[in-house]
Amino acid sequence: MRDLSQHPEFLAINTATLRQWPLERIIEACGRRGIRAIAPWHDDVERTGLARTRQLLRDWDVALCGYCRAGLFPVSSEAERAALSEHNRRVLDFARELEAPGVVIVAGGLPSSSRDLAGARAQVRDGVASLLDYAKTLSMPLAIEPLHPMYAADRACINTLEQALDLCDELDPARSGALGVAVDCYHVWWDPKLDAQIARAGRERIFACHLCDWLVPTRDMLNDRGMMGDGVIDIARLRGSIEATGFDGYLEVEIFSSADWWQRDGNEVLDTCMARYRTVV
């Protein structure tokens, strides 16, 4: 297990952690602190502009550790499916232009007015398979991110690492590096099969590790994540399990926090991320 107090270069920031700042300011602030990687959201890149984003990354010597996000596959009509496919391909095109190492996939929940969970999961399977074909033409890996079961209806009907890995094994049985998983401690920490599934994934399937904490109580299902060390997740143990596979990539802080961290000055947020990375993660 890596000694993070001696290796600050493995820290990365998902830009959702700093919703109070525009992308330009996030890149600059990370660059000034020596944080060498970020994972931006596609909407923010579109607002900033692809050329401007690329130039800022170069100016501040910041790379991408990932790109958010594609997916949300279950839909109610063929027209929606066509529009979704076009959007997802555009996400991948932007990620390639910015030299991202991969794109995070969030499955999507039930289509409007649907109760067909099995059908939604079948749409996810078909959607990932179709997008994977396009991703391979760009040499752009896809990372399926399972989300906590509380999101099964509206955000992601792939809820365990086991489910995500089943998809990977079905669609990429050769472990070619084209399809893997993003392991977010917020979504998987509770899973009694977690250690076994991390070992099953191995280095070939784990493309990303996302960090934050689970607060007690959690006041909002989506936007009340905690800073590392403020909740109940044994983050260091989880990281140890992931790194035991040989994973040596970035550790990406991703905190959705409308009532707390998004209300603070972004400099305080970044400084706290750096401190907790050294002492908690």
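Of note:
- Likely footprinting exposure, V91, V103, fewest C-beta neighbours within 10 Å first: V91, V103
- The chain: DSSP helices with Cα axial extent of at least 24 Å and average Kyte-Doolittle hydropathy no lower than 0.0: 117-138
- DSSP beta bridges confined to the chain are antiparallel in about 10 percent of cases.
- Sequence-distant residues sharing a close amide H with G231 (under 5 Å, placed H): W214
- Helical content alone sets the calculated 222 nm signal of the chain at -13500 deg cm²/dmol, taking -39,500 (n - 2.57) per DSSP H segment of four or more residues and averaging over every residue.
- Projecting the Cα positions of I105, L132, I13 onto the charge dipole of the stretch 1-140 (unit charges on Cβ atoms of Lys, Arg, Asp and Glu, taken about the Cα centre) puts I13 furthest along the positive direction.
- Shape of the stretch 1-137, Cα gyration tensor, a/c cut at 1.5: prolate
- Prolate/oblate/rounded label for the stretch 81-130 (Cα gyration tensor, a/c 1.5): prolate
Only the coordinates and a few stated rules stand behind these numbers; no lab work does. What you are looking at is a predicted structure, and each value in this text was computed from that prediction instead of being measured. So basically every Cβ, Gly included, is an ideal-geometry build from the backbone, and we count neighbours across all protein chains shown.
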